[in-house]
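The values are calculated or read from the model by the stated rules, or taken from the named source; none is laboratory data. Keep in mind it's a predicted model, so treat the numbers as computed, not measured. Reconstructed Cβ throughout: ideal geometry from the backbone, glycine too, with neighbour counts over all protein chains shown. The accessibility values were calculated without ligands, DNA or RNA, using every heavy atom of the protein model including side chains. Shrake-Rupley method; radii C 1.70, N 1.55, O 1.52, S 1.80 Å.
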Amino acid sequence: TDSPTDILALYNAVEMNISAVWTSSARLRVGLSESRDYAKLSEVLAIEGAMSNISAVCGNAFEYANMLYQNQNSTVIDAGELVMNLAERCNAALAKCGRRIEVLTEPLDLRIYADSRRAVVALVNAVQNALLYSPKDTEPILAVYRREQRGRSFVEFRITNDSSMFASRDFSGGKELNFSYQRVGFGIPIIKRFASVSGGSFSMTEEHGRVTVTITLPAANSDY
């Protein structure tokens, strides 16, 4: 796309029609609940879930288009404080479905220079992916720490979760990916783009059934 506005028409069309779907489904849910027709009620809930996914992907498409531009509102951010506040909000919402994320931060200088809004968008996508692609009885870990490499200082965000993407760890017998968990979206491109425009890097690895997403950003200089 040439600009975020090229996506805006699609975003608006999706959101307006989803609003109509939610209004209709709400009436159906009430009627089906009163008549205790749970089979059809499950179908309505499935439709609502699918529409929520479409809305999320469309919203991320708009965010990604916006990230194609370098016009960041970069400021000095305390990455530790950012992660703690984000985790608190996420866990408050996740409590309703019996899930949570664990947070680990180092008691060191974790300042970075980045766009705070885009940092939140990237981290939320990373956490959402970790929750989506992990068993429901596990807790993804969101960690932020400082490291030194070749005389330079970096702050790393690391999101780790148990993987539920594969039907088997043994691929020699022709085992296939379990695509019941697969959902293609803009989550990873958004995270990669944020890392790139912030002067950092992105990586995703899988080892021993655990997936780790790492966002490495330069630590903020004392001059900022």
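Taking the condition among the small types (Gly, Ala, Ser), closer than 28 Å to residue 146 by Cα and in a helix (DSSP H, G or I), does residue 80 pass?
Details: among the small types (Gly, Ala, Ser): yes; closer than 28 Å to residue 146 by Cα: yes; in a helix (DSSP H, G or I): yes.
In short, yes.
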Checklist entry - Which is closer than 27 Å to residue 209 by Cα and of a type in the set (S, T, N, Q), of 128, 72? => result 128
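The rows are residues; the columns are (1) part of a helix (DSSP H, G or I); (2) among the aromatic types (Phe, Trp, Tyr); (3) modelled with pLDDT of 90 or more.
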{"position": "127", "(1), (2), (3)": "yes, no, yes"}
{"position": "173", "(1), (2), (3)": "no, no, no"}
{"position": "183", "(1), (2), (3)": "no, no, no"}
{"position": "203", "(1), (2), (3)": "no, no, yes"}
{"position": "214", "(1), (2), (3)": "no, no, yes"}
{"position": "224", "(1), (2), (3)": "no, yes, no"}
Checklist entry - In the stretch 121-146, how many are β-branched (Val, Ile, Thr) and open to solvent by less than 20 Å² (accessible area, probe 1.4 Å)? => result 2
Checklist entry - Which pairs do you get when a residue that is under 15 Å from residue 91 (Cα atoms), found in the stretch 127-150, comes within reach of a residue that is assigned to a loop (DSSP other than H, G, I, E, B) and open to solvent by 80 Å² or more (accessible area, probe 1.4 Å), reach meaning Cβ atoms under 6 angstrom, with the pair 6+ apart or on two chains? => result 139/100
Next on the checklist: I'd like the residue in the stretch 28-48 that is in a helix (DSSP H, G or I) and among the charged types (D, E, K, R) and, out of all such residues, is farthest from residue 18 (Cα to Cα).
Outcome noted: 34
Next on the checklist: Whether any residue in the stretch 48-68 is in contact (Cβ under 8 Å) with a residue 12 or more places away in the chain, among the small types (Gly, Ala, Ser), open to solvent by less than 30 Å² (accessible area, probe 1.4 Å) and touching a strand residue (DSSP E or B) at 6+ places or on another chain (Cβ under 9 Å) is what I want to check.
Outcome noted: no
Item to check | Residue list for the stretch 96-120, filter: small (Gly, Ala, Ser) and either open to solvent by less than 20 Å² (accessible area, probe 1.4 Å) or assigned to a strand (DSSP E or B) (or both) | outcome: 114, 119
Checklist entry - Going through the stretch 32-47 one residue at a time, which ones are open to solvent by 60 Å² or more (accessible area, probe 1.4 Å) and of a type in the set (Gly, Ala, Ser)? => result 35, 39, 42, 46
Checklist entry - Looking only at the stretch 79-94, which residues are open to solvent by 70 Å² or more (accessible area, probe 1.4 Å) and either more than 26 Å from residue 137 (Cα to Cα) or of a type outside the set (D, E, K, R) (or both)? => result 81, 84, 85
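Listed here are the residues, each with its yes/no results for (1) small (Gly, Ala, Ser); (2) at pLDDT below 85.
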{"residue": "32", "(1), (2)": "no, no"}
{"residue": "37", "(1), (2)": "no, no"}
{"residue": "43", "(1), (2)": "no, no"}
{"residue": "50", "(1), (2)": "yes, yes"}
{"residue": "54", "(1), (2)": "no, yes"}
{"residue": "60", "(1), (2)": "no, yes"}
